[in-house]
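To start, the structure under review is shown below, and the notes come after it.
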Amino acid sequence: MIDPFIESMLSSNPEGLACRLRFDYMKPGYILNLSRIAEHEGIKVKVANFKNRDIKGLLSKKHMWIVLNGWDSANEQRYALAHELGHYFFHFPGNFICNQDLMYNDGINVFSEHERKKAIVELYANRFAMALLLPFDEVYREWLFASTEEQMAEFFGVPVYVLRRRLQEMRGLGFHV
């Protein structure tokens, strides 16, 4: 029997939710304003220099705020904000502190049930963030014209490694990128 938590995660669709949010909040020809989405949801976005530089961001649904790591680049913060919004929109319970290992590692090779569930939560937040910031059609269109991955990443306002992960995912789905 599958765990109800795992089943609910598997039935969630990060691509569909991201598409809906882009439709609701995106102005044609403009980059998606994540702060506007957070503000509309009543979430305050703050930046602080964390003592632990591996922590990228955290969400408190109780206090309705997201805090981003001030040591990170603007593109890292943008991705972290999208990731934390993924936690918010998928209605995950409690507060989340996302460290670099979980945030950027889609492997679910952990041992305890709690760690396995947390890894799945992080995986979905990552997929949501990529879908929100790097929609397939726009990435494919930009791929045809950009000369480097670095230029593409800057165009979309994401770290290069995030773009590379999205391109890898697209190749797995049959896109020629």
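The values are calculated or read from the model by the stated rules, or taken from the named source; none is laboratory data. Quantities reported herein were computed from a predicted structural model and do not represent experimental measurements. Using ideal geometry, Cβ is built from the backbone for each residue, glycine included, and neighbour counts are taken over all protein chains shown.
Scanning segment 135-177 for residues that are loosely packed, with under 14 Cβ neighbours inside 10 Å and of a type in the set (V, I, T) returns a single hit, T148. In segment 111-122, the residues that are closer than 17 Å to N13 by Cα form Cβ pairs under 6 Å with partners that are outside any helix (DSSP H, G or I), at six or more places apart or across chains, as follows: A119/I108; A119/V110; V121/F92. Among the residues making up segment 137-164, a single one is in contact (Cβ under 8 Å) with a residue 40 or more places away in the chain and either closer than 18 Å to N13 by Cα or acidic (D, E) (or both): E154.
Looking at K61, K46, just one residue is assigned by TED's automatic domain parsing to the domain that holds F90 and free of Cβ contacts under 8 Å to residues at least 24 places away in the same chain, and that residue is K46. If only residues of segment 3-52 that are at pLDDT 90 or above and out of contact with any helix residue (DSSP H, G or I) (no Cβ under 8 Å at 6 or more places or on another chain) are counted, the one that is surrounded by the most Cβ atoms within 10 Å (Cβ to Cβ) is F50.
If we keep just the residues of segment 66-116 that are at pLDDT 95 or above and not in a helix (DSSP H, G or I), which is surrounded by the most Cβ atoms within 10 Å (Cβ to Cβ)? Among residues in segment 66-116 that are at pLDDT 95 or above and not in a helix (DSSP H, G or I), the one surrounded by the most Cβ atoms within 10 Å (Cβ to Cβ) is I66.
So, in segment 58-86, exactly how many residues are touching a Cys at 6+ places or on another chain (Cβ under 8 Å) and more than 15 Å from P159 (Cα to Cα)?
Residues of segment 58-86 that are touching a Cys at 6+ places or on another chain (Cβ under 8 Å), as a first pass: 58, 80, 83-84.
This time we only want the ones that are more than 15 Å from P159 (Cα to Cα), so: 58, 84.
Total meeting the criteria: 2.
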